[in-house]
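**Student:** For reference, the structure I am asking about is given below.
Any read-out appearing in this document is the output of simple, stated calculations on the displayed coordinates, not a laboratory observation. What you see is a predicted model; the values in this text were computed from it and never measured. Note that each Cβ is placed from the backbone with ideal geometry, even for glycine, and that neighbours are counted across all protein chains shown.
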Amino acid sequence: MNALFVNPESPVTFWSFKHALRFVNKKSGLPPLGLLTVAAMMPDAWNKRLVDLNVHELRESDLDWADHVYITGMLVQMDSARDVIARARAHGKFIVAGGPLYTTTVDEFPDVDCFVLNEGESTIPQYLRDLDAGMLKRVYASKERPDISVTPPPDWSLIDVNDYATMPIQISRGCPFRCEFCDIVVMNGRIPRVKTAAQVCLELDAIRATGWKGNVFIVDDNFIGNKLRVKRILRAIVDWMDVHGRIFNLSTEAPINLADDEELLALMRRANFNAVFVGIETPDEASLHACGKVQNTRKDLVEKVKVLQRSGMEVQGGFIVGFDTDTENTFDNMIRFIQQSGIVTAMVGLLHALPDTALHARLLAAGRIVKDDTGNNTDRTMNFIPAMDIDILMDGYARVLRSIFSPDKFYSRVITYLREYQKVADGMKMTLRVQALALSRTIWRLGIREKGSRHFWKLFFWTAFRKPWLFPEAITQAIYGYHFRKVLISG
């Protein structure tokens, strides 16, 4: 069996970092972790090849070589997935699809021969048994929440890690919270399932064996959903880092109540974490209650952010506008919060009603769903009728983006962040050549060519004289800002 695994191309979005990657000669932010894990679940006797369209083109010779084409995808990859499926069909290939894109859209892909949906640990064994028996069904689906302690490490041999800026790893699935707009509990359930400490260390070994040194992103949507198990794993990671020289900088996603657990924070510092993404959503208490984000209520969110920054972590934040309880004051309140908190990477998106979420069900019952979701909540579209006048909402949203990513506000926010940030983790593992290249490109594009360059130079010299040990962090954030402005403001 010649099995071709294809990851569709993603459009340039907030999280793609496409414009930033050019500064360090990388092609994509992250490799397709799910697809690499699926490949590892397939028989060892198969010949396997992976094409990530965010890194390389899909060649005719790849399709000629393949017996079966396995394609993954998320909603935002819809257009590229359709193109890959059409090309594979034109070559007469047997097409197998799986991933979030297809879970609710099976009928929209008539050219796909077989769908292997939900969590692969449950459905792939069924698929393989029927494949061997020559009795394949069109759809394999399961509501089972499998034990992920049996999940194999991804097959890293299928990619060149040097194409990517960060390596991913998954430690847990599931989240105990009930946020109305979130589809994580739909896909992974409310009871967090966690890998074993030994398993996690083996996966770190597998990444290390590729020669990788640098950023490793733990992709869990709620890394601390099961604090007891996670603390055990963190202790094992600390020991692993002590043995292997702290060659990885770790980052992850967690709720803001991470700031309330000093033991957890201390373990993360020792394990070489340097960043965490937090779903702030909104500083408006009424909106937090209305959307079920109760874990963010009754606390000083700005201070919680600063606790994390002082613990050695850059706090990246997710924000949403478009809640039914939003008012015209929402936009100014959000701008003020983002600036005061020093959250540099502030992903402000429009509320989208994702399939199968509680939000989608409520809006559908009210007749407010108007179209399918695009999977990109910064594309200036909405798939439902908002409570606020749509023109006021869109104008307010645009004003938030123009404000927080304007050079003066953005560079000022970087300084606010650096004032609080207490570096704990080892720095990025870039060669001197790459560091020199990134710095020279940054000075040319942001310090000379870009409008508002005086704000860049203010950050440059403030850091150089006040906190020179954070100079690489300041340059990194400046590069991110360039990407954000290209995607969200200048186009």
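**Student:** Just how far, in whole angstrom, is segment 98-121 from segment 227-288 if you go by their alpha carbon centroids?
**Tutor:** 33 Å
**Student:** Let me ask another. Where the Cα atoms of segment 255-400 are projected onto their three principal axes, how long is each span, largest first, in whole Å?
**Tutor:** Here the spans come out as 50, 30, 27 Å, largest first.
**Student:** Moving on to the next point. Could you please report the charge total around residue 277, scoring K, R as +1 and D, E as -1 over all other residues with beta-carbon less than 11 angstrom from its beta-carbon?
**Tutor:** Net of charged neighbours comes to -4.
**Student:** With θ taken as phi - 60° and the coefficients 6.51, -1.76 and 1.60, list the Karplus ³J(HN,Hα) couplings across segment 176-184 in order, rounded to whole Hz; mark glycine and proline as x.
**Tutor:** Result, ordered by residue: x, 8, 10, 5, 4, 8, 8, 9, 5 Hz.
**Student:** Can you compute the charge dipole magnitude of the chain about its Cα centre, using +1 on each Lys and Arg Cβ and -1 on each Asp and Glu Cβ, nothing else charged? Give it in debye, rounded to the nearest 20. Before the final figure, lay out each step's value.
**Tutor:** Details: 60 positive and 58 negative charges, 398 e Å.
For the chain, the charge dipole is close to 1920 debye.
**Student:** Using all Cα-Cα distances in the chain, what percent lands in each 10 angstrom bin from 0 up to the longest?
**Tutor:** Percent of pairs per bin, in order: 4, 18, 29, 29, 16, 4, 0.
**Student:** Here's a follow-up. Using 31 Å as the Cα-Cα cut-off, could you pick out the over-long pairs in 48/293; 143/227; 143/306?
**Tutor:** On the way: 48/293 43 Å; 143/227 25 Å; 143/306 40 Å.
Long pairs (Cα-Cα over 31 Å): 48/293; 143/306.
**Student:** Could you run the Karplus curve 6.51 cos²θ - 1.76 cosθ + 1.60 with θ = phi - 60° over segment 373-390 and give me ³J(HN,Hα) per residue in whole Hz, x for Gly and Pro?
**Tutor:** 7, 8, x, 10, 7, 10, 8, 6, 10, 10, 9, 8, 7, x, 6, 6, 3, 4
**Student:** Give the percent of DSSP beta bridges with both residues in the chain that are antiparallel, rounded to the nearest 5. Working shown, then result.
**Tutor:** Details: 3 of 45 bridges.
Close to 5 percent.
**Student:** Another question, if that's okay. Please report the orientation-averaged projected area of segment 148-420, defined via the convex hull of its C-alpha atoms, in nm². Before the final figure, lay out each step's value.
**Tutor:** Values: hull surface 60.0 nm².
Mean orientational projected area (segment 148-420, Cα hull): 15.0 nm².
**Student:** Another question about this same structure. Non-local amide H neighbours of residue 115 (under 5 Å, H modeled in plane, Pro and chain starts lacking H): which ones?
**Tutor:** HN-HN under 5 Å from residue 115: 97, 139, 140.
**Student:** Residues with amide H under 5 Å of residue 215's amide H, sequence separation 5 or more or different chain, H placed in the peptide plane at 1.01 Å from N; which?
**Tutor:** 167, 249, 429
**Student:** Any idea which of 128, 17, 88 is furthest toward the positive side of the dipole for segment 1-148, if Lys and Arg beta-carbons carry +1 and Asp and Glu beta-carbons -1?
**Tutor:** Toward the positive end, the furthest listed residue is 17.
**Student:** Could I ask something else about it? Considering Cα pairs under 8 angstrom that are at least six residues apart, work out the relative contact order of the chain and quote it in whole percent. Can you show the working numbers first?
**Tutor:** Details: 861 pairs, mean separation 65.9, N = 491.
So the answer I get is 13 percent.
**Student:** For segment 2-140, go through all pairs of different Cα atoms, get the mean of 1/r, take its inverse, and jot down that Kirkwood value in Å. Before the final figure, lay out each step's value.
**Tutor:** On the way: mean 1/r = 0.0644 Å⁻¹.
Computed over segment 2-140, the radius equals 15.5 Å.
**Student:** Relative contact order (percent) for segment 432-490, with alpha-carbon contacts under 8 angstrom and 6 or more residues of separation?
**Tutor:** Numbers: 21 pairs, mean separation 17.6, N = 59.
In percent, rounded to a whole number, it is 30.
**Student:** Karplus couplings for segment 243-250 from phi (6.51 cos²θ - 1.76 cosθ + 1.60, θ = phi - 60°), rounded to Hz, Gly and Pro as x?
**Tutor:** 6, 9, x, 6, 7, 10, 9, 9
**Student:** With unit charges on the beta carbon (Lys/Arg positive, Asp/Glu negative), name the residue among 476, 457, 434 whose Cα is farthest towards the positive pole of the charge dipole of segment 432-490.
**Tutor:** Comparing the listed Cα positions along the dipole, 457 ranks first.
**Student:** Could you pull out every Cys in the chain that lacks a partner Cys with its beta carbon under 4.7 Å away?
**Tutor:** If one checks each Cβ against the other cysteines of the chain, 114, 175, 201, 291 turn up with nothing under 4.7 Å.
**Student:** Given the rule -39500 (n - 2.57) for each run of at least 4 DSSP H residues, summed and divided by the residues of the chain, what is its mean residue ellipticity at 222 nm, to the nearest 500 deg cm²/dmol?
**Tutor:** About -12000 deg cm²/dmol.
**Student:** Next question. Collect residues whose amide H, placed 1.01 Å from N in the peptide plane, falls under 5 Å from the amide H of residue 7; neighbours closer than 5 in sequence don't count.
**Tutor:** When sequence neighbours closer than 5 places are left aside, the close amide H contacts are 51, 52, 53.
**Student:** Which entries in 458/486; 93/137; 26/458; 18/213; 409/486; 27/93 show an alpha-carbon gap greater than 25 Å?
**Tutor:** As for pairs spanning more than 25 Å Cα to Cα, those are 26/458; 27/93.
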